[in-house]
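Please read the structure below before turning to the comments.
The values are calculated or read from the model by the stated rules, or taken from the named source; none is laboratory data. Since the structure is predicted, the reported quantities are computational estimates derived from the model, not experimental observations. All Cβ positions, glycine included, derive from the backbone under ideal geometry; neighbour counts span all protein chains shown.
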Amino acid sequence: MSKKLFIETLGCAMNVRDTEHMIAELNQKEPYELTEELSQADLIIINTCSVREKPVAKLFSEIGLFNKHKKEGAKIGVAGCTASHLGEEIIKRAPSVDFVLGARNVSKITQVVDKKHAVEVSTDYDESTYAFGEYRTNPFKAMVNISIGCDKSCTFCIVPHTRGDEISIPSDLLVQEITKAVDSGAKEVMLLGQNVNNYGRRFGSSDEKIDFTGLLQKISKIEGLERIRFTSPHPLHMDDAFLEEFASNPKICKQIHVPLQSGSTALLKAMKRGYSKEWFLNRCEKIRTLCPEATISTDIIVGFPGESESDFEDTMDVLEKVRFEQMFSFKYSPRPYTEAAEFENQIDDAIAGERLSRLQKRHTQILDEIMDAQLGVVHKVYFDELKPGNRAAGRSDDGKLVFVEGSEELLGKIVDVQITKTSRGALDGVVITE
Ligand code: 5AD
Ligand code: SF4
């Protein structure tokens, strides 16, 4: 009988892909069956995020809980970014943890799984040409890491510390991986990187010369691949050539994440983001001009050290001007190994909380207007999931979640859907062609 694996994934899309890689590697060693019942698992893995403080605090209470409810002899492993930055300390604080595996050491899962108190957290390790086994949660949509690590030094962000320097994966390997996924039924690929449009900056062993625009052109030649998405790009690297490729390449989905962080040029400088409010607005205007159908999403941090009322008004102003279709907003959270955690002008939590709710309230109004205007619109929807009650779910080219009545026959198909009902988070529609 195969062993059972319970795996919890927190954080970003790269963690989701790391989880798939761990499952694939484990399965190459011996068969594992995934379970959602903790008490049945032989192996429990928590794939952690450390970008904000909350999930880190949650980790230790969760380990305690898992330890109490796990079956006798089951192992607990901690993987991901918190594993990278706390390392051995995790085992010191929670001796019930059997192994610790850093975000840049995923390929070593089979080496640590049977070694009591193994810790593998090196951030110099180069996995960029490692041939991971095959495992995809959803066969219709393939996530593919195109680079690992991050070379930026945004003063709020712990990621360069947990994932190390940036290394790109050679483009031929990417083409091979995507072609394989397409052959197994994926029409859509999601290219992943912490700073995805900085692709090609550095390779581990090859001396290839290619940038992100070149990679998009190369990947779009793959036959049978119909949709390309990517996350997360950096506004600084959104040059004209890249935006023109984004707008004109029919395989690239018209949804783009442009993480603002703050609308204030002074704060952007303190964050070491490398662009100004004007540059950000100029890039968004360029996207809207070249590609009016594109949706723009963003990340915003409020309450960054030194944020004045007028800095915050700059953020509100950018929201007003760009009208982001999606906004992920966070209260600044001081993180270890980051410059901003040492800044003296930290913001009072109540002020940050009040600004966050003001920002979210205004965004909700904008989102409602955007979604209300969707009534009657026809979208090409790629269906990839079935939901209870004879419903199928998919994404429009511009990234909206759409539900229709339907079953298996829709899966893996791109179909015209007319929107009949709107809400803030999703749309309902009817299939108008097959
Ligand atoms: N505090 C709050 N939000 C943060 N992010 C990254 N670091 C922090 C932090 N210290 C946010 C940024 C980033 C997103 C993934 O998480 O907005 O784009
Ligand atoms: Fe963090 Fe900045 Fe790198 Fe994004 S680009 S992962 S925010 S350091």
- Query: Can you name the residue in segment 20-55 that is under 15 Å from R163 (Cα atoms) and hydroxyl-bearing (S, T, Y) and is also farthest from ligand 1 (Cβ to nearest atom) among such residues?
  - Reply: T48
- Tally time: how many residues in segment 335-360 are more than 25 Å from E320 (Cα to Cα) and within 14 Å of ligand 1 (Cβ to nearest atom)? 10
- Note on the structure: Here the qualifying pairs (Cβ atoms under 9 Å; residues six or more apart or on different chains; first in segment 228-240 and of a type in the set (D, E, K, R); second within 13 Å of ligand 2 (Cβ to nearest atom)) come out as D239/N197
- Considering every residue within segment 133-145, establish whether at least one is buried (at least 22 other Cβ atoms within 10 Å of the Cβ), under 27 Å from I210 (Cβ atoms), within 16 Å of ligand 2 (Cβ to nearest atom) and not basic (K, R). yes
- Note on the structure: The condition from (1) touching a helix residue (DSSP H, G or I) at 6+ places or on another chain (Cβ under 8 Å); (2) under 23 Å from F132 (Cα atoms) that I90 misses is numbered (2)
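Return the residues of segment 402-434 that are among the small types (G, A, S) and within 20 Å of I366 (Cβ to Cβ); say none if nothing qualifies. If you could, list the steps in order and put the result at the bottom.
Quick first cut of segment 402-434, residues among the small types (G, A, S) only: 406-407, 412, 423, 425-426, 429.
If the condition is that a residue be among the small types (G, A, S) and within 20 Å of I366 (Cβ to Cβ), then S423, G425, A426 are the ones that fit.
Please go through segment 244-259 and give me each residue that is of a type in the set (A, V, I, L, M, F, W, C) and more than 16 Å from F280 (Cα to Cα), ordered by number.
Looking only at segment 244-259, we keep the residues that are of a type in the set (A, V, I, L, M, F, W, C), and these are 246-247, 252-253, 256, 258.
Answer for segment 244-259, where residues must be of a type in the set (A, V, I, L, M, F, W, C) and more than 16 Å from F280 (Cα to Cα): F246, A247, I252, C253.
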- Message: Can you tell me which residue is nearest to E344 (Cα to Cα) among those in segment 282-305 that are surrounded by fewer than 17 Cβ atoms within 10 Å (Cβ to Cβ) and not basic (K, R)?
- Response: D299
- Mind checking which residues of segment 245-273 are more than 26 Å from L401 (Cα to Cα) and either within 16 Å of ligand 2 (Cβ to nearest atom) or in contact with a Leu (Cβ under 8 Å, 6 or more places away or on another chain) (or both)? S262, G263, L267, L268, K269, A270, M271, K272, R273
- Which residue pairs have Cβ atoms closer than 8 Å, lie 6 or more positions apart in sequence or on different chains, and pair a first residue in segment 287-299 that is of a type in the set (S, T, N, Q) with a second residue that is part of a helix (DSSP H, G or I)? T298/V322
- Task: Name the one entry in E89, E127, E166 that is within 30 Å of Q261 (Cβ to Cβ) and without any contact (Cβ under 8 Å) to a residue 12 or more places away in the chain.
- Result: E89
- Given the structure, is K269 assigned by TED's automatic domain parsing to the domain that holds G193, surrounded by fewer than 22 Cβ atoms within 10 Å (Cβ to Cβ) and farther than 21 Å from M327 by Cβ? yes
- Task: Kindly check whether there is at least one residue in segment 313-331 that is within 16 Å of ligand 1 (Cβ to nearest atom), modelled with pLDDT of 95 or more and in contact with a Phe, Trp or Tyr (Cβ under 8 Å, 6 or more places away or on another chain).
- Result: yes
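Within segment 97-107, identify whether any single residue is under 23 Å from the mean Cα position of the chain (by Cα), without any contact (Cβ under 8 Å) to a residue 24 or more places away in the chain and in a helix (DSSP H, G or I), and answer yes or no.
Residues of segment 97-107 under 23 Å from the mean Cα position of the chain (by Cα): 100-107.
Restricting the remaining residues to those that are without any contact (Cβ under 8 Å) to a residue 24 or more places away in the chain gives 100, 105.
Filter once more, so that each one left must be in a helix (DSSP H, G or I): none.
So far as segment 97-107 goes, no, none of its residues is under 23 Å from the mean Cα position of the chain (by Cα), without any contact (Cβ under 8 Å) to a residue 24 or more places away in the chain and in a helix (DSSP H, G or I).
Kindly indicate the residue of segment 325-335 that is in a loop (DSSP other than H, G, I, E, B) and within 14 Å of ligand 2 (Cβ to nearest atom) and also surrounded by the fewest Cβ atoms within 10 Å (Cβ to Cβ) among those meeting that condition. Step through it out loud before you land on a result.
Kept after step one, since they are in a loop (DSSP other than H, G, I, E, B), are these residues of segment 325-335: 325, 332-335.
Going one step further and asking which of them are within 14 Å of ligand 2 (Cβ to nearest atom), we end up with 332-333, 335.
On the way: Y332: 23, S333: 19, R335: 21.
Here the answer is S333.
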- Please work out if T338 is within 16 Å of ligand 2 (Cβ to nearest atom), of a type in the set (S, T, Y), touching a residue at least 40 places away in the same chain (Cβ under 8 Å) and over 30 Å from I219 (Cα atoms). yes
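Looking at segment 303-324 only, could you name the residues that are assigned to a loop (DSSP other than H, G, I, E, B) and of a type in the set (F, W, Y)? Reasoning before the result, please.
So in segment 303-324, the residues assigned to a loop (DSSP other than H, G, I, E, B) come out as 303-308, 323-324.
Selection gives F304, F324.
Across segment 153-177, what is the number of residues that are more than 16 Å from ligand 2 (Cβ to nearest atom) and in contact with a helix residue (DSSP H, G or I) (Cβ under 6 Å, 6 or more places away or on another chain)? First the steps, then the outcome.
Our first condition is that a residue be more than 16 Å from ligand 2 (Cβ to nearest atom); within segment 153-177, this holds for 169-177.
Retained after the next criterion (residues that are in contact with a helix residue (DSSP H, G or I) (Cβ under 6 Å, 6 or more places away or on another chain)): 171.
Number of matching residues: 1.
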- Message: Would you confirm, using the coordinates I've provided, whether R202 is within 22 Å of D398 (Cβ to Cβ) and of a type outside the set (A, V, I, L, M, F, W, C)?
- Response: no
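Return yes when R288 is in contact with a helix residue (DSSP H, G or I) (Cβ under 6 Å, 6 or more places away or on another chain) and either of a type in the set (K, R) or closer than 29 Å to L86 by Cβ (or both) and no when it is not.
Details: in contact with a helix residue (DSSP H, G or I) (Cβ under 6 Å, 6 or more places away or on another chain): no; either of a type in the set (K, R) or closer than 29 Å to L86 by Cβ (or both): yes.
The answer is no for R288.
In the set I23, I45, I91, I7, which member is more than 20 Å from S107 (Cβ to Cβ) and out of contact with any Cys (no Cβ under 8 Å at 6 or more places or on another chain)? So that I can check it myself, show each step before the final result.
On the way: I23 fails: more than 20 Å from S107 (Cβ to Cβ); I45 fails: more than 20 Å from S107 (Cβ to Cβ); I7 fails: more than 20 Å from S107 (Cβ to Cβ).
Criteria check complete, one pass: I91.
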